[in-house]
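To start, the structure itself, in structure tokens.
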Amino acid sequence: METFLQDVRYGLRMLVKNPGFAAVAILTIAVGIGSSTTIFSWIRTVLLNPLPGASQPERVVALEMLTPSGEWTPTSYLDFRDFRDNTKLFDSMTVTQPMDLAVGDEKQVQRVWGEAVSGNYFEVLRVKPALGRFFSTAEQGDEQNAHAVTVIGYAMWKNRYHSDPAVVGTTVRINRYPYTIIGVAPEDFHGSMPGLSLEMWAPATMFGQLSSTGDWMLRDRKTRMFRVLARLAPGVGFEQARAEVQALALHNAQADADTNQGMSATLLPLWKSHYGIQDSLLAPLSILMGACGVVLLIVCANVANLLLARAVGRQKELSVRLALGAPRSRVARQLLTESLLIAVGGALAGLVMAEWLGGSLQWLVPASATPSMLRPPIDFGVLLFTVGLAFAVAGLAGVAPAMHSVRGDVNEKLKEGGRSGTSSTRSQRLRGLLVTSEVALAVVAIIGAGLFVKSFQMARSIQPGFDPHHVAMAQMNLSAAGYDAGQADSFCRRVREVMERQPGVTAVSYGDYVPLSIGAGSWEDLQIQGYVPGPNENMKIFRNLVAPGYFDLMKIPLLEGRDFNQQDDREHPPVMIVTREFARHFMPNQEPIGQKVQGWGKWFTVVGVVDDSKILRLTENTAPYFYAPIRQIYRPEMGLKFFVRTSGPVNDAVTALRREGNAIDPAVPVFSAMALEEYIGASLFAQRIAASLLGTLGSVALLLAAIGLYGVMAYSVAQRTNEIGIRVALGAQPLQVMRMIVRECLTLALPGLVLGSLLAVALARVVSASLVEVSPRDPAIYATAAAFTILVTLCAAANPARRAAKVDPMVALRYE
């Protein structure tokens, strides 16, 4: 330990004596470690630690239902009860459903995101209250609308109630109904939606009151809306529990064939589950972590080059120490200690950078995302990761220079350096190899960035089949105001009438779903007269409930039949409009107008056919879809979205929507008021994150490689001043000298360019599934990357070449 401390003190003195070298090395490492730590903190928050504040979260798994075609779907409350009561390999099981709640009185409400959960929710997650209590045994039963109690989040307690302990036992109005606050969640607990922050929890058995639907939804096996979490029993393996779930799901599919025929179920780790933002972020964050690894390797090569150059400058000192009897291991350890000090300094600066950048993920997530993103904490796990990176960088960057400095014959080293301290051919070769490696890695990064940037551009260029330009939209939560279907219809008509009178407004309509939202939308199990489904064919077809004028407003062409009208209400026969693909798939060689389709327990008549449009994702394949009149089907818990097309500024229409909605009823929360074009950008946010951050990392990688090239060439020119002076004295022209330096720089870069391109071809196959209409071998991307690399190489060589061309032969011949 004493000798280590001596090494540390000596290393610190050497770094203080060379502040320029230390600053460059530390800042270079800070870039690599800071970017890697930032991405890791995001991954940790969203994927590795999705339940902060919970005890033994690795034992909590997600139970998901699967449709006959294998697609995941939420679970009904009755199915949850069957799994909860009939499985033996789980310690406990709970349901959750995120909800936006209106908290406040009738004059003013605040939108708060919470969860409707079964009473044992906190027991499943093993969370202890910071204040008060959680749900009691009586409140954990299945009796509906009997326990109007709530638990609030720590942030809500702090901000809304000023950390007042007397909050427990007080009443708060949620969706116009009084609830008793029974407890406060701990500060580090934010709910069960990975990466998101929720602030309030109420019993799922109060769902009927919270959504103003009565108690039928929890008694309807077809109403699938809940996420199921389960804690594995002690000693039970994941595969054992999955097998039990699958067996019970198979039994239920037969026992409840009218609703569950063909359905199955599976277990997933939380980071693989589909309910939450982690489903969209898994791929881009994994790719970004790989890109950070590439940048970190470039950083290591860059720092290794700096250390090697410094070791050459200290060659006489190190050789003298070896000649005086210092063990080679002792000298190598001293050099590695200095590398470690630089890496630790870079890690500390990287942590500051990560803390600064940590909250930037929330700015990359689209505005239409609902609960706010958690700010990734710099906790023990992140610190441990950073410490590991520091040691890895110290090893990767320091070992080669240290080993190079103590190898070889001491006498030869003393002669080799002479008074000038020039570097050996071996050290020059090693530095060249490091720079070539940097270029290769930078080429991989820039090609990856180019592929994802082009993929994002291609995705953005896909036509959605409707026109989002000059359209304002806003969401309104009618269930939060306690509306029934009749009151909701009256409210919608009043908003529509007042918005139609606004200046510049050309069309107004509304529906219960915004195409290309983050959420998957709703579907209905259909039966089509005359159509026999194939084996395991999924007849759960996605749909939208819309008001008259919706297709005209969205500019979706009506191909046959008619639009909905005001007579299409609950008093008239049910009708629907289907898409071209729906008619082609289910009604081939038939006239679709007049065909009968069963849904919601009723037979609908097809009255129109509209063109296909993108519904869930811009990159999706065309699939059957249908529309039903909102006045025939709508229930307030379904949500409500207003659309306004305007010839004037969209922001004016957005402001008017928010203002008029609040004026008609202040108890109705109006949120996500924005331009539709901005809102639907959510469908590409994963591609946007990958493109923007990979573009940044690729640029950083190329810049670091350029710095490495510049450093090697500048050092080479300085070391060869004598030689260059002789060349000039013998008649070499400045242009010839410049060409020589540029040629040497290209000699280092071009092998890296070839190797990097080959590596990129191999690695691109791994991410090809994430690319949209872009080949992983796109020649334009590779050509552009090559051009950029050569351009950067020439820029890196320019100043050393200029300096070489200006060498004065008389000065150079006296140069030591």
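Please list Trp600, Trp42, Trp271 from largest to smallest accessible area, probe radius 1.4 Å, with all protein chains kept in place.
Correct descending sequence by accessible area is Trp271, Trp600, Trp42.
Across the range 528-541, rounded Karplus estimates of 3J(HN,Hα) from the backbone phi angles (6.51 cos²θ - 1.76 cosθ + 1.60, θ = phi - 60°) give 10, 4, x, 10, 9, x, x, x, 6, 5, 7, 9, 8, 9 Hz, Gly and Pro being marked x.
Using only the Cα atoms of the range 211-277, build the gyration tensor, take square roots of its eigenvalues as a ≥ b ≥ c, and label the shape rounded, prolate or oblate: rounded if a/c is under 1.5, else prolate if a/b is larger than b/c, else oblate. Write out the running numbers ahead of the final one.
Values: a/c = 2.21, a/b = 1.36, b/c = 1.63.
Oblate, because a/c is 1.5 or more while a/b does not exceed b/c.
Over the alpha-carbon set of the range 108-260, divide Rg by the Kirkwood Rh and report the Rg/Rh ratio to two decimals. For the range 108-260, the value is 1.01. With all protein chains kept in place, the per residue accessible area of the range 154-298 amounts to 38 square angstrom at a probe of 1.4 angstrom. Where does helix 650-664 land angle-wise versus the long Cα axis of the chain, in degrees 0 to 90, nearest 10? Once rounded, one gets 40 degrees. Cα-based values for the range 1-109, radius of gyration first and Dmax second, are 26.8, 73 Å. Take the Cα radius of gyration of the chain and divide it by 2.2 N^0.38 Å, N being the number of residues; the result is 1.17. Just read off the accessible area of His162 with the full protein assembly in place, 1.4 Å probe, to the nearest 10 Å². Looks like 140 Å² after rounding. Against the main long axis of the alpha-carbon atoms of the chain, helix 380-406 sits at an angle near 20°.
Output the antiparallel fraction of DSSP beta bridges having both residues in the range 135-278, as a percent to the nearest 5. Don't jump to the answer; show the numbers that get you there.
Values: 6 of 10 bridges.
Antiparallel bridges: around 60 percent, rounded to the nearest 5.
Of all lysines in the structure, the ones whose alpha carbon falls short of 23 Å from that of Lys128, not counting any fewer than 8 places away in one chain, are Lys158.
Of the cross-linked pairs Lys88/Lys222; Lys107/Lys555; Lys222/Lys641; Lys540/Lys641, those separated by over 27 Å at the C-alpha level are Lys107/Lys555. Surface composition of the chain: carbon and sulfur atoms hold 57% of the protein heavy-atom accessible area at a 1.4 Å probe. Round to the nearest 10 and give me the degree value, 0 to 90, for the angle of helix 2-17's Cα axis relative to the longest principal axis of the chain. Helix 2-17 sits roughly 80 degrees off the main axis of the chain.
Taking Cα pairs under 8 Å and at least six residues apart, what relative contact order does the chain come out at, in percent? Kindly include the intermediate steps, with their values, before the conclusion.
On the way: 1552 pairs, mean separation 136.5, N = 816.
Relative contact order comes out at 17 percent.
Taking all protein chains as shown and a probe of 1.4 angstrom, Ser672 keeps an accessible surface of around 20 Å². Solvent-accessible area per residue in the range 521-619 equals 46 Å², computed with a 1.4 angstrom probe and all protein chains kept. If you bin all the Cα-Cα distances of the range 685-816 at 5 Å, starting from zero, the percentages per bin are 2, 10, 16, 18, 14, 11, 9, 7, 6, 4, 3, 2, 0. Can you work out the base-10 log of I(q)/I(0) for the range 723-781 at q = 0.23 1/Å, using the Debye formula on its C-alpha atoms alone? Values, matching the q order: -0.91.
Within the range 549-606, all pairs of alpha-carbon atoms sorted by distance into 10 Å bins from zero give the percentages 20, 51, 28, 1.
With only alpha-carbon atoms in the gyration tensor, what are the semi-axes of the equivalent ellipsoid for the range 612-658, in Å, largest first?
Values: eigenvalues 129, 74, 19 Å².
Working from the Cα gyration tensor, I get semi-axes of 25, 19, 10 Å.
Dividing the helix sum by the residues of the chain, where each DSSP H run of 4 or more adds -39500 (n - 2.57), gives a mean residue ellipticity at 222 nm of -16000 deg cm²/dmol. By the Cα gyration tensor, the range 183-305 has an equivalent ellipsoid whose semi-axes, rounded to whole angstrom, run 39, 23, 15 from largest to smallest. Computed with a 1.4 Å probe on the full set of protein chains, the accessible area for Met539 sits at about 20 Å². Straight-line cross-link reach from Lys272 at under 18 Å between alpha-carbon atoms covers these aspartates and glutamates, not counting any fewer than eight positions away in the same chain: Glu58, Glu64, Glu71, Glu239.
The values are calculated or read from the model by the stated rules, or taken from the named source; none is laboratory data. Small disclaimer: the values here were computed from a predicted structure and weren't measured. Heavy atoms of the whole protein, side chains included, go into the accessibility calculation; ligands, DNA and RNA do not. Shrake-Rupley method; radii C 1.70, N 1.55, O 1.52, S 1.80 Å.
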